Structure formats: C-alpha cells, structure tokens
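Following: one structure in structure tokens, then a few remarks.
Bear in mind these aren't lab numbers, they're just calculated from the coordinates by the rules spelled out. Please read all numbers here as calculations on a predicted model, not as lab measurements. Every residue, glycine as well, gets a Cβ built from its backbone with ideal geometry; the counts of neighbours run over all protein chains shown.
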Amino acid sequence: MDTYPRRMHTALDAVDWRGLAEFYRVLLGLRYRAGDEPPADGSVDDAGWLVLVDEEGNRQLAINAVHELTPATWPSDDVPKQMHLDYAVPSVDELHRHRRRAEELGARLLYDRTGDEGEPLFVLADPAGHPFCLLVGEP
C-alpha cells in the first residue's frame, strides 16, 4: 500500500507572529506546542516559528515570523492571500520519493534543506505557484 504525505499544519506568515498565534490560540481553543509558550517574564521573544496544537496534541497551525507582509486585499486580487501548507512524511527516503512525485505532477523545487538533520525538508511550488513544504516529521 502506498503512503502519502499527511497535512502537518497550515502555516501563516505574520510580522507580529506572537500576536497572531495568540489570536488563533484564543479563537480556536488551541494551545502552544511544548516550548513555544510566551516567555514567562513577559519579555518579547524572537522564536520566529510557533506551533499551535489541539487538545490531543495534533498540530493545527504554525505561525512563521516575517519582517514585512502586505495584507491581502481579498476579494480583490491586487494582493493575493498568503499561507502555505506543510506535509509530513516518515523518512528521508519518503521525502525524496514524494518530491519526485510532486515534480512529476507539475510542482517545482524552490528550496532544498535536506542537509538539516533535525528537520530535512523541500519547499516546492504547486503548478499555480503556491509554496508548500514536504518534510520529515510527525503530523
């Protein structure tokens, strides 16, 4: 039986990443992944990447820090919506296999971080240009 990548979480870019994480944490009743909680002393943190999980510990959202972000103008297409999906695979071999499959289906490679032993990944663009990540990890 073939295995397929599994959605890990939806990742959102934000200049105020902690503020956006708090918004979604409260709105959706989520909690921070262990280690991603705000600093206890109230100081400003520079984590840059925060993961929110549900009651069972399943990843739901990730917030990625960026230095600049132009807000979407939907329903106008002047500035499109900004987000990407992360898909987890169980091994480096599967990571390479699914990269090949994605490219055969029309994706193109944007970034190769397979040398990172902690979290090897590929960033690809779908046929319409939307970025998504394939990475070795737990969904």
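With respect to the chain, whose longest principal axis is taken over its alpha-carbon atoms, helix 92-104 is tilted by about 70°.
Relative contact order for the stretch 9-69: what is it in percent, counting Cα pairs under 8 Å that are at least 6 residues apart? Mind showing how you got there, number by number?
Numbers: 98 pairs, mean separation 29.9, N = 61.
Once normalised by length, the contact order is 49 percent.
Near Tyr87, the amide H atoms lying under 5 Å from its own belong to Met8, Cys133, Leu134, Leu135; only residues 5 or more places off or on other chains count, and H is placed 1.01 Å from N. Here the chain is assigned +1 on the Cβ of each Lys and Arg and -1 on the Cβ of each Asp and Glu. Its dipole about the Cα centre then comes out at about 400 debye. Residue by residue, the stretch 69-76 carries 3J(HN,Hα) couplings of 8, 8, x, 4, 10, 3, x, 6 Hz when phi is fed to the Karplus relation 6.51 cos²θ - 1.76 cosθ + 1.60 (θ = phi - 60°); x denotes Gly or Pro. Tell me, which longest segment in the chain has none of the GluC sites (Glu not before Pro) that fall in DSSP loops with at most 16 further Cβ atoms within 10 Å? Here the longest segment lacking exposed loop sites spans 1-54.
Axis of helix 17-28 versus longest Cα principal axis of the chain: the two differ by about 90°, to the nearest ten degrees.
Could you tell me which trypsin sites (Lys or Arg not before Pro) in the stretch 1-102 are loop residues by DSSP with no more than 13 other beta carbons within 10 angstrom of their beta carbon? Qualifying residues, ordered by number: Lys81.
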